[in-house]
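All remarks here apply to the structure that follows.
What follows draws every value from the coordinates through simple rules; no lab data is involved. Here the structure is a predicted model, which is why all the values come from computation and not from measurement. Cβ: placed from backbone, ideal geometry, glycine included. Neighbour counts: every protein chain shown.
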Protein chains: 2
Amino acid sequence: MKRQTWQREAVRTALGASEGFVSAQHLHSSLREGGSSIGLATVYRQLSSLEEAGEVDALQQDGESLYRACSTDKHHHHLICRRCGTAVEISADAVEQWAAGVAAEHGFTQPNHVVDVFGLCAACTAELTEA
Amino acid sequence: MKRQTWQREAVRTALGASEGFVSAQHLHSSLREGGSSIGLATVYRQLSSLEEAGEVDALQQDGESLYRACSTDKHHHHLICRRCGTAVEISADAVEQWAAGVAAEHGFTQPNHVVDVFGLCAACTAELTEA
DNA sequence: GTTCATGCAAAAAGTTTGCATGATT
DNA sequence: AATCATGCAAACTTTTTGCATGAAC
């Protein structure tokens, strides 16, 4: 059982108050600016812990991890812009089922999958076209 | 126009010879072990350049970037055993189309995707069960 | 001959870890 | 009282950058 500390709650709250994905460092700065004395290492540790607990969603971008409070516990994927990094959540039961089916078909158990779609978002497409 | 150096070609070749995604560091080690005197910084620079040129596909995982040669011909995916590493090639037009559709639906252009399924292969499942 | 890429080493940037202290159970 | 989380600083990993040299145009 995880211990209930004010730091853990602070991270939860700060994440919940943030729009979209936030980096651990940014979260730490926000907390410190808000008067908290929480340490950076603790923010990292809590984020890992919360991710493992399924309370937050993590995504890697530009060499750093970004976190967000997990609204639904439903598994989902991302549609990511190759240029500006914007990420849109996508979900598709069809893909989930296909992955599970393919695994079973080959005798694989405990299936997991990595599904991400990359592309140029509308804004970046426009910018590159007019240039 | 980018200059044509043997290093650029070496990175292209090494990437093409690799199955699946490879890290820059791994690629560099492979090249050095193969007798090349290429520098690590050059591998990073070439990978960035090739990515920008659309010749390679990048994906971030576990705090590092993984790269793969972007084949123009029909690509396939992998069903990989988490324990022994066995990889089975899989292909599914349904998934290809779904990815393209999802991208278009959100205004994304030049879609690309990463789809890999992990699990325990039949052999490893058996081994772990009897143990 | 000029320009640009390379290699090395040093620096950045992000994340993890060791350890003594203090909080939680 | 015993355990586990915290904060700090140092260690680590991956990636980037400055600069002199050498290669490509």
Amide hydrogen neighbours beyond the local backbone of A:T86, cut-off 5 Å, H modeled: A:C81
Could you work out the mean count of beta carbons from other protein chains within 10 Å of each residue's beta carbon in B:114-127? 6
In peptide B:15-25, what is the residue-averaged number of other protein chain Cβ atoms found within 10 Å of each Cβ? 0
Give me the one-decimal nm value for the distance between modelled label points at B:R45 and A:A53, 7 Å along each residue's Cα-to-Cβ direction. 4.7
Other chains near B:90-99: what is the mean number of their Cβ atoms within 10 Å of each residue's Cβ? 4
Of A:115-122, B:21-28, ordering from highest average Cβ density within 10 Å down gives A:115-122, B:21-28
Quick one, what does Rg over Rh come out to for chain A if you take C-alpha atoms and the Kirkwood Rh? 1.05
Orientation-averaged projected area, Cα convex hull of the protein assembly as shown (nm²): 18.2
Would you grab the residues whose amide H sits under 5 Å from the one on B:S65? Only those 5+ places off in sequence or on another chain, please, with H modelled 1.01 Å from N. B:A24
Cα-only Debye scattering, region B:1-71: base-10 log of I(q)/I(0) at q = 0.15 Å⁻¹: -0.41
